[in-house]
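The values are calculated or read from the model by the stated rules, or taken from the named source; none is laboratory data. The shown structure was predicted, so the numbers you read here are calculated from the model rather than taken from an experiment. Positions of Cβ are backbone-derived with ideal geometry, glycine not excepted, and every protein chain shown enters the neighbour counts. With ligands, DNA and RNA removed, areas are computed over all heavy atoms of the protein, side chains included. Shrake-Rupley method; radii C 1.70, N 1.55, O 1.52, S 1.80 Å.
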Amino acid sequence: PAVTSPCKILKCNSEFWAATSGSHHLGTEEAPEFCTALRAYAHCTRRTARTCRGDLAYHSAVHGIDDLMVQHNCSKDGPTSQPRLRTLPPGDSQERSDSPEICHYEKSFHKHSATPNYTHCGLFGDPHLRTFTDTFQTCKVQGAWPLIDNNYLNVQVTNTPVLPGSSATATSKLTIIFKSFQECVDQKVYQAEMDELPAAFADGSKNGGDKHGANSLKITEKVSGQHIEIQAKYIGTTIVVRQVGRYLTFAVRMPEEVVNAVEDRDSQGLYLCLRGCPLNQQIDFQTIRSAQVPESRARRKGPSLPAPPEAFTYETATAKCREKLPVEDLYFQSCVFDLLTTGDVNFMLAAYYAFEDVKMLHSNKDKLHLYERTRDLAPGNRAPTGTHPSLWVALLCLSQCWLCLL
């Protein structure tokens, strides 16, 4: 069954934006009307506070309301009538095409230096993570987890069980907060959930707001309800969000300078795209593959799981994944793993689109494919990347024979 969030912060944001859009054109005599809408906004957030605990968009809205109350000298006591809808006036900032140079990353940050080094991070499937350092992991990470957390933006994902009682999870909710930046963009929140992939920010806008460089942050809908792209030129960043089947995928291209823009790195905490999943959340799906049960259905450690909606054997899953992923790299292996654990063919498409996004976003075309390594050994005893497993089996056999002769 689809997961529906009881947190209604998106509704609160939309109502306030609809009531106040164009208010920067209003005279001072209409300030009381703005304060009324602001109090209604605060009242709406209080109503949903209990169900929004831990939601980044909710906490961002609460802090924003307090700031606006002070800026506009609004009293917290007063009328809170429901805001009325406004239409955008002609020539609103949504149509601006001019942007100052500082709002274009490559022009402003690197005017007299080399082209920035771009990195990529992606999350897809059940769920599989490719970090900014090209480490590939399969993780559990049920619940809310931070993907990115730096001076410019925060990204948080929520992963929920694919099947009742299963430890297999996939991304059901995504929240992205773009922080206010100089004269370029206002703070903007993007939030997607299962069966809801908006082509706009939470406040209904499609760019960075009322600042002079608003168009340095833009949302483009590629396929309605299935694929959106966010360009944040002021930080040289491109984000791709898709809904494949019931679940979401995430991919980003970001300069290393932005990736590492953290005021206090030691106290930053977990940040999956940079640091990877905690060890206790990682899954070695190669071990699961090699320990197939007689019915040829892979399961994770733990209590017995309900049967997936469609039974794949290792052979049928391999054949299915090869239709879209002819190279047997880690994207292919992830596809096979997901079909065995979920029985949902949409996970094959999630792996396919994740690799398509890598081809578009990764700056090093020699690193598009990633291949499995042997399990982590003691330092200095790790197998070289890309070594064929059969070679290590042969070497192991030879070593055993040599010991017998001795």
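Remark: for residue pairs Lys324/Lys365; Lys179/Lys206; Lys140/Lys206, the C-alpha separation exceeds 25 Å in Lys140/Lys206.
For the stretch 102-275, what does the relative contact order come out to in percent, with C-alpha contacts under 8 Å and a separation of six or more? Relative CO of the stretch 102-275 lands at 24 percent. Here the peptides 322-329, 142-149, 224-231 are ranked by packing, the mean other Cβ count within 10 Å, and the order with the highest first is 142-149, 224-231, 322-329. Taking the Cα centroid of the stretch 177-227 and of the stretch 316-358, what is the distance between the two, rounded to the nearest whole Å? For the stretch 177-227 versus the stretch 316-358, the Cα centre distance is 30 Å.
Taking all protein chains as shown and a probe of 1.4 angstrom, Ser180 keeps an accessible surface of around 70 Å². Residues whose amide H lies under 5 Å from that of Lys211, counting only those 5 or more places away or on a different chain, are Asp186; hydrogens are built 1.01 Å from N in the peptide plane. Remark: the stretch 102-275 projects, on average over all directions, an area of 10.3 nm² (convex hull of Cα atoms).
Given a 1.4 Å probe and every protein chain left where it sits, what share in percent of the accessible area of the stretch 102-275 is carbon and sulfur? So the carbon and sulfur contribution to the accessible surface is 45 percent. Available extension along the chain between Glu221 and Glu257 is 10.2 nm, counting 0.36 nm per residue and deducting the alpha carbon span.
Against the criterion of solvent-accessible heavy-atom surface with a 1.4 angstrom probe, Tyr190, Tyr352, Tyr58 sort, most first, into Tyr352, Tyr58, Tyr190. Treating r as the C-beta distance of Arg275 and Lys179 and R0 as 22 Å, the FRET efficiency rounds to 0.60.
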